[in-house]
Amino acid sequence: MKTGVIFELTRFATHDGAGLRSTLFLKGCPLSCPWCQNPEGIPPEPLLWHNPKVCLQCGRCVAVCPTGALTLTDRIHVNREACTCCGSCVDACPAAAMSISGQTVTAREAADMLLRDQVFFGPDGGVTLSGGEVLSQWQFAREVLDLCKQAGADTAVETCLLAPQSAVEAMLPVADHFLVDIKFMDPDLHRSCLGAENHQILENYQFLISRGADVLVRTPLIPGYTATEDNIRAIARYLHQTDPNVRYELLNFNPLCRSKYDALEEDYPVQGGALSAAEMDSFYDILVQEGISQIIKE
Amino acid sequence: MNQIKQIAALPCPERIQILKEKMLAEPRYATIEQARIITRSYQATEGQPRCIQRARALKASLEEITIRIEPDERIVGNRTPGVRGGVVFPETGASWVDREFETLPTRPQDQFQVHQEDIREFREEILPYWKGHSLEDKVREAIGPQVDEIAKVVKINQKDHSQGHICPNTKKWLQLGPSGIRAEAESHLESSRGKNHDFYESVILAMEGASRFMERYAELAWEMYQETGKENLAQVARTCRKLAVSPAETYDEALQATWFLYVILQMEGNASSFSPGRMDQYLYPYYQASRENSMTLEDALELTECLWLKFNQLVYLRNSNSAKYFAGFPIGFNVAIGGQNLDGSDATNELSYLFLQAQSHLLLPQPNLSLRIHKNSPQDLLETASRVIGMGSGMPQVFNDEAVIPALKSHGVSHEDAMNYAIVGCVELTTHGNALGWSDAAMFNLVKALELTLHNGVDQLTGQKTGLDLGNLTTYKTFEELEEAYAKQIDYFMDRMVECVTQVEKMHEALLPTPFLSSVIDDCLATGRDVTQGGAHYNFAGVQAIQAANVADSLAAIKALVYDEKKLTAQELLDALKTNFENAPLVRSMLVNKVPKYGNDIEWVDQLGAKWVNYFADGLKKYRNGRGGIYQMGLYTVSAHVPMGQNVAASADGRYSQEPLADGGVSAMAGRDTHGPTALLQSVARLPFEKASNGTLLNMKFLPRFFKTDTGIFKFTQLLRAVCRLGISHVQFNVLNEEDLLAAQKYPDRYRGLTVRVAGYTAYFTELAKDLQDEIIARTTYEAV
Ligand code: SF4
Ligand code: SF4
């Protein structure tokens, strides 16, 4: 049985597909979107997570750390080079302010975590795999979804589609729905901003359409990045050409993840907050102009 | 059903808005008018059998009490001339009124204005007659010390007011009316002897009073009609005149008759909660008849809302201590909608939707609207109800047939009666029209019992030894030894509790026979016995076990940290508890953070809660109540988790001394359920709902944004269906408002489970930076408008 590395389970997920769902987040992503909502999901290996909001500054963690990775000044600082994720500080901390993000589990264990809430799924809810990038662990993902399908659950995959086509193909029999993120149409922008080309992504998208997969395309509207008229128009045009019946959803920017960057002692590059209703409407107008008929709104 | 859409589009009638504003603007007064009438009547009937004395006192009240009609009213009747008056009721409690009369306008909870001359009259002319003779004084005389000795663990109820929490047979009342019931009593009169004879006579007197009460309203309405020419008053006059002598036939007559029933029940009993139960079922034939006879939907809604307003005009005057336990003057007109027919088919009808629409217009505390759901509940009903829930009045609350019906059946209720169950008061379960449930016999503080067990039976707040001394945490060598001691402690207090409850019931039988109520509870008229004598078909007594979450969390912390992992010594923990964690913040932090908590779908922790709740329920089975029926367990506190928490010193779940316990009944401790609503529900579902046939209470909180979209509403209905599948008896949903979120900013500990669900991930509100929190608060307030 395959094992995989996961970093979070969201139960009662209400935005990752139809109905009530459980969503499991897999670690590792080939892109590095500057606005990423789950920065802890990007590196494939585990990561020590410190939550300064609940820390009592008692120093117990500093005392037990075998590698000297921790220092306590105005707050606890983690030297990530030195930390080996041994977990000693997690055990010693009386406040649950330390945790390891990233846990290796078997496909069976992962499926059981997802199916624990099966009683809630109802006719159209189910399980969703997200990340990170699910396809970076596609063999594990396939096995997890297979087990969930066997148990009768509806299955969905959230993906940026940056993966070999064989990986995408492997998901076809086990995933009932694909939630595909398309961020930029312009290949140069895609490369310079996210660290990889987008032609593989678009090829995979066309492949999914050609195979009749159930696809919902989503674009996160990030101020200063994706939320430009040119970009949204170009994506909408491309989508409509590829699939006249495309279902397309614009996700309003959500600044809440900034708190995660604070915890990681990193700067969050996106300025500003969510788009106003009027701004959202002007983007919806573009979709209509480009012939998109199935605009999905929350 | 096209009707559903039509009903959902009906606006709030203008008449209702006028009446509502007027009602809410009127100040609330405590009144002694009925006390004066009752006292005089008693003085004139000295030496007669108690039930006759009481019936005559009621009759005199019905004949003499000042009545009033608002010019715009279509449904009339009240027991005080002002709305929301607090009725001083000397038969049950005069001494506490004497002690607290002056403080009524200023006390912290449930204030009433007073007239100074009333205080004087009460002290000089009413109090002397009742001193030593009211229920309150008699109970105190008989068992005062016993009640006080156990008070921190067991709160004995019904000591100074009549027993309520009853769902009368409204259907019968509508079909017979006072004259029909009187005829029934008369038919028994001749062949009966002694006490039975007195009983029938008392019923006849009560019915005479009821008819006269209705006539008086007819007379007043007619007078006012002649002055004003307002058509609604003429209609009221015709209806009241008819109801005084014959049964209801139309929807407006049925609503008016229903309201008279509840006003008179309160005039006789002055009790917390007489509940109409399944009004959408028994009123439906009248509704249909009127609809076929040209009543419009608009008219039906307006009439319904007139009654809805009425439900808010009777409030209940409690003593200050009791007001803490049951805050907000609840008098509990509980109306149940939906549910099933006897054959298991869905029972929803147009009235169910009409009632929901009325609720969405008024958003007042009464009626306490309850939705019965089952595995085949129609999606339309769940969606309509979800939208009303999203408006934030906490209603309708949701009851689950799949859990409640089996629970009732396993406590001796017939299939037929179980299928037709209703709710009384807040969340107490009952059969319809044939039970005296005595649902609030007592509240048992299991968390306090655990405190005594950990500390040699010594109350850590007072230093007095009030429990059994079985040792302390350092002398129990194993967790099992601790559990054995805990079981003994519970047994000890349960024994003493039952002795007290039995005495209280005896006092009610001797002092407070209720002929009017008995006439609408089956089998009283058939057997010639008052409800207080056990005349009802079902005779239960209910005790609440409080509070599963704190017991589970405390025992889990002790088991894990002291016995299993040995991260704390027993002495360390005891010292920390004794000093309220003063010099041991890290010990407290470990108790809170290093052991999983009830409400997070962690089986072994949840099972600890379930185990003691089970133990308690099984213990109750050993006893019979004063009317020969069984005891049933409930798992609810309403607002009592606050005063009951004040009775408990620091506990091993990390709760500070005198802080509130977990709320509701089966909810998790505030802020300790951090894995979302599904995990909470999975934990809750591990409690033995089949044993909690007296009722349970689960509170859940949602942000208003969840209800803003059709997808959100749909997902919410899916959650309701899962509650149904999980077999959880009850859940009530609170929609968080700005105030709650500001509180969450200030006291993050109590709101640690509060999440903001966004695409991509779920954020814990309390872990967000302040400016982000502010933004959510701003948006919540904005969206709520
Ligand atoms: S996980 Fe281990 S190495 Fe890393 S900071 Fe904690 S104790 Fe040190
Ligand atoms: S042990 Fe925990 S609470 Fe103490 S300083 Fe370290 S992270 Fe903070």
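If B:GLY654 passes every condition in (1) of a type outside the set (Ser, Thr, Tyr); (2) within 16 Å of ligand 2 (Cβ to nearest atom); (3) without any contact (Cβ under 8 Å) to a residue 24 or more places away in the chain but one, which one does it miss?
B:GLY654 satisfies every listed condition except (3).
Identify the residue in region A:245-255 that is in contact (Cβ under 8 Å) with a residue 24 or more places away in the chain and out of contact with any His (no Cβ under 9 Å at 6 or more places or on another chain) and, among all such residues, is nearest to the other protein chains (Cβ to nearest Cβ).
Of everything passing the filter in region A:245-255, A:ASN254 is nearest to the other protein chains (Cβ to nearest Cβ).
Output yes when any residue across region B:753-771 is farther than 23 Å from A:ASN252 by Cα, part of a loop (DSSP other than H, G, I, E, B) and not assigned by TED's automatic domain parsing to the domain that holds B:ASN334, and no when none is.
Yes, region B:753-771 has at least one match.
Which one is farthest from A:HIS50 (Cα to Cα), of the residues in region A:86-105 that are more than 12 Å from ligand 2 (Cβ to nearest atom) and in contact (Cβ under 8 Å) with a residue 40 or more places away in the chain?
A:VAL105
What's the number of the condition A:ARG116 fails, among (1) within 14 Å of chain B (Cβ to nearest Cβ); (2) within 16 Å of ligand 2 (Cβ to nearest atom); (3) over 22 Å from A:ARG258 (Cβ atoms)?
All conditions are met except number (2).
Restricting attention to region B:672-704, and to residues there that are away from chain A (no Cβ under 14 Å) and among the aliphatic types (A, V, I, L, M), which single residue is nearest to the chain's Cα centre (by Cα)?
In this case the residue turns out to be B:LEU697.
Mind telling me which of the residues B:GLY229, B:GLY269 ends up being touching a Ser or Thr at 6+ places or on another chain (Cβ under 9 Å), small (Gly, Ala, Ser) and not assigned by TED's automatic domain parsing to the domain that holds B:PRO513?
B:GLY269
Which ranges mark the strands (runs of 3 or more DSSP E) fully within region A:1-71 that have 2 or more residues being within 12 Å of chain B (Cβ to nearest Cβ) and within 11 Å of the chain's Cα centre (by Cα)?
Correct list: A:3-13, A:21-26.
How about region A:257-290: which of its residues are in a helix (DSSP H, G or I), among the aliphatic types (A, V, I, L, M) and touching a residue at least 12 places away in the same chain (Cβ under 8 Å)?
A:ALA263, A:MET280, A:ILE286, A:LEU287
Mind checking which residues of region B:389-400 are buried (at least 24 other Cβ atoms within 10 Å of the Cβ) and touching a Ser or Thr at 6+ places or on another chain (Cβ under 9 Å)?
B:MET395, B:PRO396, B:VAL398, B:PHE399, B:ASN400, listed by residue number.
Give the residues of region B:714-741 that are touching a Lys or Arg at 6+ places or on another chain (Cβ under 8 Å) and of a type in the set (A, V, I, L, M), sorted by residue number.
B:VAL735, B:LEU736
Please go through region A:196-252 and give me each residue that is surrounded by 20 or more Cβ atoms within 10 Å (Cβ to Cβ) and either part of a loop (DSSP other than H, G, I, E, B) or in contact with a Pro (Cβ under 7 Å, 6 or more places away or on another chain) (or both), ordered by number.
A:ASN198, A:ILE222, A:TYR225, A:THR226, A:ALA227, A:VAL246
Go through region B:650-659 and count every residue that is away from chain A (no Cβ under 12 Å) and buried (at least 22 other Cβ atoms within 10 Å of the Cβ).
Total meeting the criteria: 5.
Only one residue in B:PHE101, B:PHE122, B:PHE112 is out of contact with any Asp or Glu (no Cβ under 9 Å at 6 or more places or on another chain) and among the aromatic types (Phe, Trp, Tyr). Which one?
B:PHE112
One line per residue, one yes/no per condition, for (1) modelled with pLDDT under 95; (2) closer than 14 Å to B:GLY654 by Cα; (3) among the aliphatic types (A, V, I, L, M); (4) out of contact with any helix residue (DSSP H, G or I) (no Cβ under 6 Å at 6 or more places or on another chain):
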| residue | (1), (2), (3), (4) |
| --- | --- |
| B:ILE558 | no, yes, yes, yes |
| B:LEU568 | no, yes, yes, no |
| B:LYS578 | no, yes, no, yes |
| B:GLU582 | no, yes, no, yes |
| B:SER589 | no, yes, no, yes |
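Listed here are the residues, each with its yes/no results for (1) more than 10 Å from ligand 2 (Cβ to nearest atom); (2) under 17 Å from A:CYS148 (Cβ atoms); (3) not assigned by TED's automatic domain parsing to the domain that holds A:LEU189.
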position	(1), (2), (3)
A:MET1	yes, yes, yes
A:GLY17	yes, yes, yes
A:PRO30	yes, no, no
A:GLU40	yes, no, no
A:GLN57	no, no, yes
A:LEU70	no, no, yes
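Could you tell me whether any residue of region A:121-138 is within 16 Å of ligand 2 (Cβ to nearest atom), more than 14 Å from A:THR23 (Cα to Cα), surrounded by 17 or more Cβ atoms within 10 Å (Cβ to Cβ) and hydroxyl-bearing (Ser, Thr, Tyr)?
The answer is no, given that none of the residues of region A:121-138 is within 16 Å of ligand 2 (Cβ to nearest atom), more than 14 Å from A:THR23 (Cα to Cα), surrounded by 17 or more Cβ atoms within 10 Å (Cβ to Cβ) and hydroxyl-bearing (Ser, Thr, Tyr).
Please go through region A:256-298 and pick out each residue that is farther than 21 Å from A:CYS36 by Cα, of a type in the set (Val, Ile, Thr) and within 14 Å of chain B (Cβ to nearest Cβ).
A:ILE295, A:ILE296 - these are the residues of region A:256-298 that are farther than 21 Å from A:CYS36 by Cα, of a type in the set (Val, Ile, Thr) and within 14 Å of chain B (Cβ to nearest Cβ).
Out of curiosity, is B:LEU720 in a helix (DSSP H, G or I), more than 7 Å from every other protein chain (Cβ to nearest Cβ), farther than 25 Å from B:TYR615 by Cβ and modelled with pLDDT of 95 or more?
yes
Could you give every pair whose Cβ atoms fall below 9 Å, whose first residue belongs to region B:387-405 and is assigned by TED's automatic domain parsing to the domain that holds B:GLY425, and whose second residue is of a type in the set (Lys, Arg) and in a strand (DSSP E or B), counting only separations of at least 6 or pairs across chains?
B:VAL398/B:ARG372; B:PHE399/B:ARG372; B:ASN400/B:ARG372; B:ASP401/B:ARG372; B:VAL404/B:ARG372
Filter region A:103-135 down to the residues that are closer than 15 Å to A:ALA156 by Cα and in a strand (DSSP E or B) and list them by number.
Hits for region A:103-135 are A:GLY126, A:VAL127, A:THR128, A:LEU129, A:SER130, A:GLY131.
In region B:583-634, which residues are among the β-branched types (Val, Ile, Thr) and more than 14 Å from chain A (Cβ to nearest Cβ)?
Result: B:VAL605, B:VAL613, B:ILE630.
Taking the condition of being near ligand 1 (Cβ under 10 Å from one of its atoms) and farther than 19 Å from B:ALA769 by Cβ, how many residues in region A:48-62 meet it?
Final tally of qualifying residues: 3.
Take the conditions away from ligand 1 (no atom under 11 Å from the Cβ), within 14 Å of another protein chain (Cβ to nearest Cβ) and farther than 30 Å from A:ASP154 by Cα and apply them to A:ALA97. Does it pass?
Judged against the criteria, A:ALA97 is a match.
Specify the residue that is farthest from ligand 2 (Cβ to nearest atom); the eligible residues are those in region A:74-85 that are assigned to a loop (DSSP other than H, G, I, E, B) and under 16 Å from A:VAL54 (Cα atoms).
Selected residue: A:ASP74.
Where residues in region B:301-350 are of a type in the set (S, T, N, Q), more than 15 Å from the chain's Cα centre (by Cα) and in a helix (DSSP H, G or I), which of them is farthest from B:GLU268 (Cα to Cα)?
Ranking the qualifying residues of region B:301-350, first place goes to B:THR304.
The values are calculated or read from the model by the stated rules, or taken from the named source; none is laboratory data. If you're wondering where the values come from, they're calculated on a predicted model, not measured in any experiment. Positions of Cβ are backbone-derived with ideal geometry, glycine not excepted, and every protein chain shown enters the neighbour counts.
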